[in-house]
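What follows is calculated from the coordinates using simple rules that are stated; it is not laboratory data. None of these values were measured; they are calculated from a predicted model. Cβ placement follows ideal geometry from the backbone for every residue including glycine, while neighbour counts extend to all protein chains displayed.
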């Protein structure tokens, strides 16, 4: 796997086009209008308001990246939700949105249910804990899905997935499309940032070349504007139930395969509001999940600073309690706990817990999360005695290791 699976020539060409369309007059006008409307309806607190401009640019640029890849006759594999990075002399904005998962590499492919496609690729020797090829309709509802666990590969890790409307009839690696199918949403989850590698991917539409011309720049700009409006609306939809609950109260998990949620993945979400001298302890029973993640974010739908702060922790990055449960601490000030979820200088925001990859496809044993707010001065007494405490030097090493591991996804930032 010599070529980088994300920073491909196709990805870079697409990012350049997205940056150019970002300056289109109709796109600029829409950005100003959508931003003003969003701010007026959100009534954000001071911390959320302070982060609006940076987060809003990412959400809108993600819409440009995604909206430019809507032609099923000329499909591209495009990675979305990337961090800002240089591309030659260009500064490519970040493209996170939708309460992104910092462990995931998300890629999208437009398709038509009336066309035939082949998705080809190669898995790394170290297989991913979680990897899904999900085929969506226009409302992000699942039409069909293939798990990476069921992917049949050859001796070199190569595979080919057939995408068509016919029954599988024993064919391995088959995804059945319908007239409602519009897009693949592919998740490669990197549980170990330092070791896991996303799959190599390529797409081919089978059949004769497209009969008509590709959309012109004005048509592409209209699609981008529609996507920007949709992303702002969907973000409000995703965040609304999290901010409607009482602050610092996390409870029942839910699962779905609609509106972008992944089947058999459980979500727990809520909002926090903490003073400098307070800490929220979140106790988790994971139901046997091979994977979970606990990221913080803002009401605009982007996660907080990555990668050099512990604003998100997954199962590989966390330390369990002696009884197999997990305890996390969210607090504005560093409490010196290994499992500290850093809200990146905010006192308010949203927190999500996502659990997946259960034995047999469903939770085994108790699946639960409970939160409690304690004075920071009393935190040691509120945690299990085996809790790992860290020094300032150990925290610095933890952050440095995370930053180095995450940088593997962003080769554009490496020194020449």
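Put simply, the convex hull of the Cα atoms in region 152-221 casts, on average, a shadow of 8.5 nm².
Mean residue ellipticity at 222 nm, helices only, the chain: -7500 deg cm²/dmol; runs of at least 4 DSSP H residues each add -39,500 (n - 2.57), and the sum is divided by the number of residues. The packing ranking of peptides 308-314, 323-329, highest mean first, is 308-314, 323-329, where packing means the average number of other beta carbon atoms within 10 angstrom of each residue. Note on region 9-234: Cα convex hull, mean projected area over all directions, 14.2 nm². Kirkwood's formula applied to the C-alpha pairs of region 114-239 gives a hydrodynamic radius of 16.8 angstrom. Look at where the Cα atoms of region 165-218 and of region 261-310 average out, and the two centres are 30 Å apart. For region 123-181, the direction-averaged projected area of the alpha-carbon convex hull comes to 4.5 nm².
Shape summary of region 240-413, radius of gyration then Dmax from alpha carbon positions: 15.8, 45 Å. The percentage of C-alpha pairs in the chain whose separation is greater than 34 Å is 30%. The mean sequence separation of alpha-carbon pairs under 8 Å and at least six residues apart, normalised by the residue count of the chain, gives a relative contact order of 18 percent. In the distance distribution for region 180-219, Cα-Cα pairs more than 15 Å apart total 69 percent. Rg and Dmax of region 1-107, based on Cα coordinates, read 14.9, 48 Å. Here the Gaussian network model covers the chain, with springs between Cα atoms less than 10 Å apart; of 89, 150, 277, 89 fluctuates the most.
Taking region 315-416 on its own, what percent of its Cα-Cα pair distances exceed 20 Å? Pairs farther apart than 20 Å: 53 percent.
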